[in-house]
Each structure stands twice: as C-alpha cells, then as structure tokens.
1. Looking at ALA169, ALA140, which is the one that is at pLDDT 95 or above, closer than 21 Å to GLU84 by Cα and either open to solvent by less than 30 Å² (accessible area, probe 1.4 Å) or outside any strand (DSSP E or B) (or both)?
2. Would you please name the residue that is nearest to GLU88 (Cα to Cα), looking only at residues in the range 102-137 that are in a helix (DSSP H, G or I) and among the aromatic types (Phe, Trp, Tyr)?
3. Where residues in the range 21-36 are part of a strand (DSSP E or B) and open to solvent by less than 60 Å² (accessible area, probe 1.4 Å), which of them is nearest to ILE62 (Cα to Cα)?
4. Restricting to the range 175-194, and then to whatever is in a strand (DSSP E or B) and either among the polar types (S, T, N, Q) or touching a helix residue (DSSP H, G or I) at 6+ places or on another chain (Cβ under 8 Å) (or both), can you tell me which residue is farthest from ASP96 (Cα to Cα)?
5. Residue under question is ASP61, and the condition is that it be under 28 Å from PHE179 (Cβ atoms), acidic (Asp, Glu) and either touching a Leu at 6+ places or on another chain (Cβ under 9 Å) or at pLDDT 90 or above (or both); does it hold?
6. What residue, among those in the range 46-76 that are assigned to a helix (DSSP H, G or I) and touching a residue at least 24 places away in the same chain (Cβ under 8 Å), is most open to solvent (accessible area, probe 1.4 Å)?
7. In contact (Cβ under 8 Å) with a residue 60 or more places away in the chain and over 30 Å from CYS27 (Cα atoms): which single residue out of ALA183, ALA128, ALA113, ALA171 fits that description?
8. For the range 77-113, which positions are open to solvent by less than 50 Å² (accessible area, probe 1.4 Å) and β-branched (Val, Ile, Thr)?
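The values are calculated or read from the model by the stated rules, or taken from the named source; none is laboratory data. This one's a predicted model, so the numbers in the text were calculated from it and none came from an experiment. Here the Cβ is made from the backbone with ideal geometry for all residues, glycine too, and neighbour counts use every protein chain on show. The protein model used for the area step is the full one, side chains on, heavy atoms only, and it has no ligands, DNA or RNA in it. Shrake-Rupley method; radii C 1.70, N 1.55, O 1.52, S 1.80 Å.
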Amino acid sequence: SGVHPPAFFAELWATISAAKVWHGELCNRRKNGELYWVSGTIVPFCDERGRPAQYISIHTDITERKRVEARLADSEQRFRRVVESLKEVIFRTDADGCWTYLNPAWSEITGYAVHESLGRPSLASVPAEDRDYAVGRFAALATRQIEFTREEARYRTRYGKERWLELFARAEFDDDGRFTGCAGTLNDVTERRL
C-alpha cells in the first residue's frame, strides 16, 4: 500500500523468521487501487530443526473501523483548534478540584503556563479572603446542591495583579453517579468591572 515504512515489514519478517507469532494491523491495496485495512495474525509452523517452514495468516477486515477512527481523529483535531483559539478559558478539573485541562487563554489571562498549572488546585489563584466561598461553591456542585454556577470571581495573576473572571462551571458525574470534577469557562471581565 505504501502506508507502512520498510521498518514495519522488517519487524514483521524478523518476528516470523524467529518462529514467533506476529500480530498487527496492515494496510493493503486492492487490485482497483483502493486501500483496505486488516487485523492480521501470522503463525509460523516450524520444521524438525525448529525453522519456519510454513505460515498461516488470518486476517480480519477492519477498514470501516479505521475510517471511523480517522474521521473521529479529524473531528477531534478540528475541535481542539477551535477551543485552543478562543480568548475565553475552557477548563476541566478532577474531583479534587485540580486542573486537568486548560486552553491557552489561561496563560494569556493569568500569566501561568498551562503545563505548570495542570494538576494544581484550581482555587490556588483565588485570593485567600474569597477562598472559603469558592470551596463552598465547589462542594455544592460536587454534592448536587446546585447544577451549575455562573458568577464573577477574583483571581490573582502570576504577577500578583487581581483580575475579575466570569466563571461558569457545571459538575460532571460518571455513569455510577460519582462526582468526577467540573468543566466550564472563565472570561476576563476586569475592564467591565472597572
């Protein structure tokens, strides 16, 4: 098919030549030029000296699955480009309130790099005098006392400046009803507040 590099086939032949079973996904080309994918297993049968003498290959057509995966990957990539170009912070936290996702707008607004913020408590940038209230709102989301929250809150930037952010957060739960965290947005409304 021209899809796989030579190293792919070198590894395949090295495996079966060593009398080991090879399993993997392989792209082939039909006589009409159309590509198709198979999940394949190649089993070597050895002669009396332990060297492969014959091979049996079992293939299952996985072309449709590969098409779906490619469409899904393309869709996810387009979605990610849109989300990462927004000027509004898109976020997700875990059940402990630590950041698990932040788009690049986070860095523009707070001065903190996304990679250094992930895993840190989401309330770390909330001024100490506002923290008890913020903890209470997070707990209310986690315990289903409220479905979502939309309010303005103060955040401190990396450089100690105070910014007003409009927060929208909704609780997320798994299939068993366990709280898994929050997702939402943060929008800088400092100029409007001033």
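1. On the way: ALA140 fails: closer than 21 Å to GLU84 by Cα.
Unique residue meeting the criteria: ALA169.
2. Kept after step one, since they are in a helix (DSSP H, G or I), are these residues of the range 102-137: 105-110, 114-117, 122-125, 128-137.
Still in the list and also among the aromatic types (Phe, Trp, Tyr): 106, 133.
Values: TRP106: 8, TYR133: 23 Å.
Filtering the range 102-137 for residues that are in a helix (DSSP H, G or I) and among the aromatic types (Phe, Trp, Tyr), the one nearest to GLU88 (Cα to Cα) comes out as TRP106.
3. First pass over the range 21-36, keeping only residues part of a strand (DSSP E or B): 22-29, 35-36.
Then keep just the ones that are open to solvent by less than 60 Å² (accessible area, probe 1.4 Å); that gives 22, 24, 26-28, 36.
Details: TRP22: 17, GLY24: 11, LEU26: 9, CYS27: 10, ASN28: 11, TYR36: 8 Å.
Here the residue is TYR36.
4. Keep residues of the range 175-194 that are in a strand (DSSP E or B), which gives 179-188.
In the following step, the residues that additionally are either among the polar types (S, T, N, Q) or touching a helix residue (DSSP H, G or I) at 6+ places or on another chain (Cβ under 8 Å) (or both) were identified as 179-180, 182, 185-188.
Values: PHE179: 10, THR180: 8, CYS182: 10, THR185: 18, LEU186: 19, ASN187: 22, ASP188: 24 Å.
Among residues in the range 175-194 that are in a strand (DSSP E or B) and either among the polar types (S, T, N, Q) or touching a helix residue (DSSP H, G or I) at 6+ places or on another chain (Cβ under 8 Å) (or both), the one farthest from ASP96 (Cα to Cα) is ASP188.
5. no
6. Going through the range 46-76, the residues assigned to a helix (DSSP H, G or I) turn out to be 63-76.
After this cut, where a residue has to be touching a residue at least 24 places away in the same chain (Cβ under 8 Å) as well, the list is 63, 65-66.
On the way: THR63: 12, ARG65: 98, LYS66: 45 Å².
Taking the candidates together, the pick is ARG65.
7. Working: ALA128 fails: in contact (Cβ under 8 Å) with a residue 60 or more places away in the chain; ALA113 fails: in contact (Cβ under 8 Å) with a residue 60 or more places away in the chain; ALA171 fails: in contact (Cβ under 8 Å) with a residue 60 or more places away in the chain.
The match here is ALA183.
8. Passing the criteria: VAL83, VAL89, ILE90, THR93, ILE109, THR110.
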